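The structure under discussion appears below in the form of structure tokens.
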Amino acid sequence: MENVKAIVKQVVKIWRLYKTQQTMLIAAMRGEIPFHLRKLLSRDYMICSLLKKEMANFYDGLRCCMADMYHIRPETNVGVGVDGRDDIAAVLRKIAIAHRQIAAEHAILLDLAEDSNINTEIIHQHRRQMKKMADELMTQSERMQPEVKEHGYIFF
């Protein structure tokens, strides 16, 4: 495995994105939101926690392949944050964008691990889960948008 250092950097980056995602979900759940959205966000939080733990275990498995593991400091530029002034639809869109970013980082990790002896099934599962969660959040976000009728009235 020649590119183990790049794989480890990507795993660390994904782990940090999961950590950021958890922070965003907690911030979103602190607001006054409908029960069905709180249930959806709390489920997403639990899934992110599990996936983050699995990435940590994956990292531990790779750690034995590298001696200078602790010198890795990858960049994590996550430009998505939750602001208390945002409406719930905007918050859901931001969280969905972060889910999609994690899925994209999983795709990069899959490309890096393609020619290695790493079992990538768990990475595929994580990617599918992130896409599914992003789609659910975008659907909820679209439902939260007020509908403007032809006479200018807004219906919720």
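The values are calculated or read from the model by the stated rules, or taken from the named source; none is laboratory data. What you see is a predicted model; the values in this text were computed from it and never measured. Neighbour counts run over all protein chains shown; Cβ positions are idealised from the backbone, glycine included. Just the protein is used for accessible areas: all its heavy atoms, side chains included, with ligands, DNA and RNA removed. Shrake-Rupley method; radii C 1.70, N 1.55, O 1.52, S 1.80 Å.
Some observations on this one:
- Of the residues examined, residue 114 is not one that is at pLDDT below 80 and part of a loop (DSSP other than H, G, I, E, B).
- Top-ranked residue of the stretch 25-78 - restricted to ones that are of a type in the set (S, T, N, Q) and modelled with pLDDT of 80 or more, ranked as nearest to the chain's Cα centre (by Cα): 49
- Candidate set: the stretch 1-29, residues that are in contact with a Ser or Thr (Cβ under 9 Å, 6 or more places away or on another chain) and free of Cβ contacts under 8 Å to residues at least 24 places away in the same chain; chosen: the one least open to solvent (accessible area, probe 1.4 Å): 29
- Test result for residue 135, of a type in the set (D, E, K, R), farther than 15 Å from residue 18 by Cα and assigned to a helix (DSSP H, G or I): yes
- Pairs are defined by a Cβ separation below 7 Å, a sequence spacing of at least 6 or placement on different chains, a first member in the stretch 110-121 that is more than 17 Å from residue 55 (Cβ to Cβ) and open to solvent by 30 Å² or more (accessible area, probe 1.4 Å), and a second member that is modelled with pLDDT under 90 and among the aliphatic types (A, V, I, L, M); the pairs so defined are 117/1.
- Qualifying residue in the stretch 83-94 (condition: open to solvent by 50 Å² or more (accessible area, probe 1.4 Å), modelled with pLDDT of 85 or more, in a helix (DSSP H, G or I) and farther than 29 Å from residue 5 by Cα): yes
- Scan of the stretch 30-49 for residues that are surrounded by 16 or more Cβ atoms within 10 Å (Cβ to Cβ) and either part of a helix (DSSP H, G or I) or among the acidic types (Asp, Glu) (or both), ordered by number: 37, 40, 41, 44, 45, 47, 48
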